[in-house]
Amino acid sequence: MGKSYKEIIELLDCNQTTIWRNVKKYEEFGLDSLLQETRGGRNHAYMTVEEEKAFLARHLKATEAGEFVTIDALFQVYKKECG
């Protein structure tokens, strides 16, 4: 028999929920499901990091100039710029 959940948690320095989730994934979909890299940020990004920084910098300047900028207003401008 293999290692206990407690031993695995200690060996991998992982959260118990992470171990349970991966065991379930393995049982349902097999070893390949654990080997596929699915992590990564910005999968649903509409702007590059540089575009996002420029967008936020423009609106930061507006607030520094005394304009009142709300999240809703930022979102409306964001939607227009992203199409």
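Remarks
- Selection within the range 41-57 - out of contact with any helix residue (DSSP H, G or I) (no Cβ under 8 Å at 6 or more places or on another chain) and either surrounded by 10 or more Cβ atoms within 10 Å (Cβ to Cβ) or of a type in the set (G, A, S) (or both): G41, T48, V49, E51, E52, K53, A54, L56, A57
- Search result, residues across the range 48-70 that are at negative phi and not hydrophobic (A, V, I, L, M, F, W, C): T48, E50, E51, E52, K53, R58, H59, K61, T63, E64, E67, T70
- Applying the criterion of at least 3 residues that are farther than 30 Å from K6 by Cβ and not aliphatic (A, V, I, L, M) to the helices (runs of 4 or more DSSP H) found wholly in the range 17-83 leaves 49-64, 71-82.
- Of all residues in the range 52-64, at least one satisfies being among the acidic types (D, E) and within 21 Å of the chain's Cα centre (by Cα).
- Verdict on E27 being at pLDDT 85 or above and under 26 Å from I71 (Cβ atoms): no
The values are calculated or read from the model by the stated rules, or taken from the named source; none is laboratory data. Just so it is clear, the model here is predicted, and its values are computed rather than measured. Cβ sites come from the backbone with ideal geometry, for glycine too, and all protein chains shown count toward neighbours.
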